[in-house]
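Report on one structure; see the data block that follows.
Read-outs: derived from the displayed coordinates by stated rules, not from any lab. None of these values were measured; they are calculated from a predicted model. Positions of Cβ are backbone-derived with ideal geometry, glycine not excepted, and every protein chain shown enters the neighbour counts.
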Amino acid sequence: MLKFNPYLSFDGQCEEAFKLYEKCLRGKITFITTYGESPGSEKMPSDMSKRIMHVTLTVGDQVLQGADVPSGQYQKPQGLSISLQLNDAVEAGRIFEALAENGTVQMPLQETFWALRFGMVTDRFSTPWLINCDKPA
């Protein structure tokens with residue numbers, strides 16, 4: 001069996017981002033560790049100690065993972081988005097609004113020819129999201 005799971009990079013905001021994702025996606029952070037908690041941490045620059053080395057968020061049978069990159073190495077995501085597929089328009093709206101807070105809306109959540117609701121947003125941590133709620137069959 002093969003599964004895809006996105007792995008997100010951050011510039012020191014990984015823990016804050018994943019706490020938002022845990023709340024708005026109604027998931028559970030099942031693992032989180034800092035660089036300072038890892039073996040060999042005494043050899044790392046002190047500004048790395050509180051940064052997240054790895055985090056795993058589980059939402060149902062789906063997984064979203066991430067980490068903070070070393071200082072000066074962060075690059076904003078380009079050419080990709082995290083796509084969420086829902087069948088509940090109210091839930092799609094709730095998630096969209098949570099991700100849009102202090103972020104940038106590229107396309108408001110609205111009805112389209114293919115979806116009951118579709119919207120595009122980049123959250124305040126620079127992660128781009130596509131929210132899609134299918135039309136009833």
Report summary line: Output for segment 82-134 (equivalent-ellipsoid semi-axes, sqrt of 5λ from the C-alpha gyration tensor, Å, descending) is 18, 10, 9
**Report entry** Net charge, GLY36 excluded, C-beta distance under 15 Å - Lys, Arg +1, Asp, Glu -1
**Finding:** -2
Report task. Towards the positive end of the charge dipole of the chain, with charges on Cβ (+1 Lys, Arg; -1 Asp, Glu), say which of SER38, PHE18, GLY79 has the farthest Cα. Result -> GLY79
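Assign unit charges at the C-beta atoms only (+1 for Lys and Arg, -1 for Asp and Glu), then state the dipole size of the chain relative to its Cα centre in Debye, rounded to the nearest 20. Each step should come with its number before you reach the end.
On the way: 13 positive and 16 negative charges, 24 e Å.
Dipole magnitude for the chain comes out near 120 debye.
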Report summary line: Expressed in nanometres to one decimal, the distance between label points 7 Å along Cα→Cβ at PHE113 and PHE31 is 4.5
Query raised in the report: Taking the Cβ-Cβ separation of MET44 and GLN75 as r and a Förster radius of 35 Å, what is the calculated FRET efficiency to the nearest 0.05?
Result: 0.95
Requested in this report: Report the normalised scattering of segment 45-107 as log10 I(q)/I(0) at q = 0.29 Å⁻¹, calculated by the Debye formula with identical scatterers on the alpha carbons.
Outcome: -1.28
